[in-house]
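Participant: Sharing a structure, written as structure tokens. Questions coming.
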Amino acid sequence: MILQYPVDLTAEESGQIAVLFGSLPGKTWGHDESDALIRAADALIIVLAGYVDAGERIPLPSPARGRPVISVAPLEAAKVRLHNAMLDAGVSDADMARTLGLPKSVVQRLRNPIFPGELAEVEMAFAALLAADKSQSDASA
């Protein structure tokens, strides 16, 4: 699922267009609306990565209600969802690394949207989360 974060555009006295991310922290500017939206796409990934670095759940987008949106690419959207799912399940990077047989640093990059990666790798981590959840459910039944 593509994530689309709504933004608010405002004209600054300098003539630049400011972009605010609503409920997310951060602000960026552009020379015109098109430039501002392009810069906002890059800034949004940095904002989302900040949540991962802080170990906090990444807020999902609010309704656009007619506002322009910044779309997060499928890979980065999957990383956002993986990060939130790991937090919700109480699975640490070290736990996931042991499960997948990967170094902890690789798992950290798997869930951080600022790093490149492959969608198949993120899907593999999701599969491991589902398998762990299922085995915990079976064990408690």
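Where a number appears in this text, it was derived from the coordinates with a stated rule and is not lab data. Everything quoted here is computed from the prediction, not taken from an experiment. So basically every Cβ, Gly included, is an ideal-geometry build from the backbone, and we count neighbours across all protein chains shown.
Participant: Which helices pass in the chain if a helix is a full DSSP H run, must span at least 18 angstrom along its long axis by Cα, and must have mean Kyte-Doolittle hydropathy not below 0.0? Before the final figure, lay out the partial values.
Facilitator: Values: long enough: 33-54 (31 Å, 1.05); 74-89 (22 Å, 0.06); 119-140 (32 Å, 0.41).
Qualifying helices, which must be both long enough and hydrophobic enough, are 33-54, 74-89, 119-140.
Participant: Give, in nm to one decimal, the length gained when the segment between Ser23 and Gln108 is fully stretched (0.36 nm per residue of separation minus the Cα-Cα distance). Walk me through the numbers before you get to the answer.
Facilitator: Values: separation 85, 0.36 × 85 = 30.60 nm, distance 2.50 nm.
Stretched out fully, the Ser23 to Gln108 stretch lengthens by 28.1 nm.
Participant: State, as an integer percentage, the relative contact order of region 74-140 based on alpha-carbon contacts under 8 Å between residues 6 or more apart. Show your work: numbers first, answer last.
Facilitator: Values: 50 pairs, mean separation 26.5, N = 67.
Averaging sequence separation for qualifying contacts and normalising by length gives 40 percent for region 74-140.
Participant: Work out the charge dipole of region 74-140 with +1 on the Cβ of Lys and Arg and -1 on the Cβ of Asp and Glu about the Cα centre, then indicate which of Ala97, Val122, Ala78 is farthest towards its positive end.
Facilitator: It is Ala97, whose Cα lies furthest towards the positive end.
Participant: Identify the residues of region 1-19 with backbone N under 15 Å of a label point that sits 7 angstrom from the Cα of Ala85 along the Cα-to-Cβ direction, or state none.
Facilitator: Zone members listed by number: 1-3.
Participant: Here is a further query. Taking every pair of Cα atoms in the chain, average 1/r, invert it to obtain the Kirkwood radius, and report Rg/Rh to two decimals. Intermediate results must be reported in sequence, preceding the final value.
Facilitator: Details: Rg = 17.5 Å, Rh = 16.3 Å.
Looking at the chain, the ratio lands at 1.07.
Participant: How much FRET efficiency would the formula 1/(1 + (r/R0)^6) give for His31 and Ala127, where r is the Cβ-Cβ distance and R0 is 35 Å, rounded to 0.05? Working shown, then result.
Facilitator: Values: r = 44 Å, r/R0 = 1.27.
That gives a FRET efficiency of 0.20.
Participant: How large is the direction-averaged shadow of the alpha-carbon convex hull of region 1-68, in nm²? Let's see the in-between values first.
Facilitator: Numbers: hull surface 19.7 nm².
Computing the convex hull of the Cα atoms and averaging its projections yields 4.9 nm².
Participant: Based on DSSP H runs of at least 4 residues, each adding -39500 (n - 2.57), what is the mean residue ellipticity at 222 nm of the chain after dividing by all its residues, to the nearest 500 deg cm²/dmol?
Facilitator: Estimated from H runs of four or more residues: -17500 deg cm²/dmol.
Participant: Under a crude label model (7 Å from the Cα following the beta-carbon direction), how far is Ser71 from Glu56 in nanometres?
Facilitator: 2.8 nm
Participant: Going by how many other Cβ atoms sit within 10 Å of their own, how do Val91, Val52 line up, fewest first? Before the final figure, lay out the partial values.
Facilitator: Numbers: Val91 18, Val52 24.
Least crowded to most crowded, the residues run Val91, Val52.
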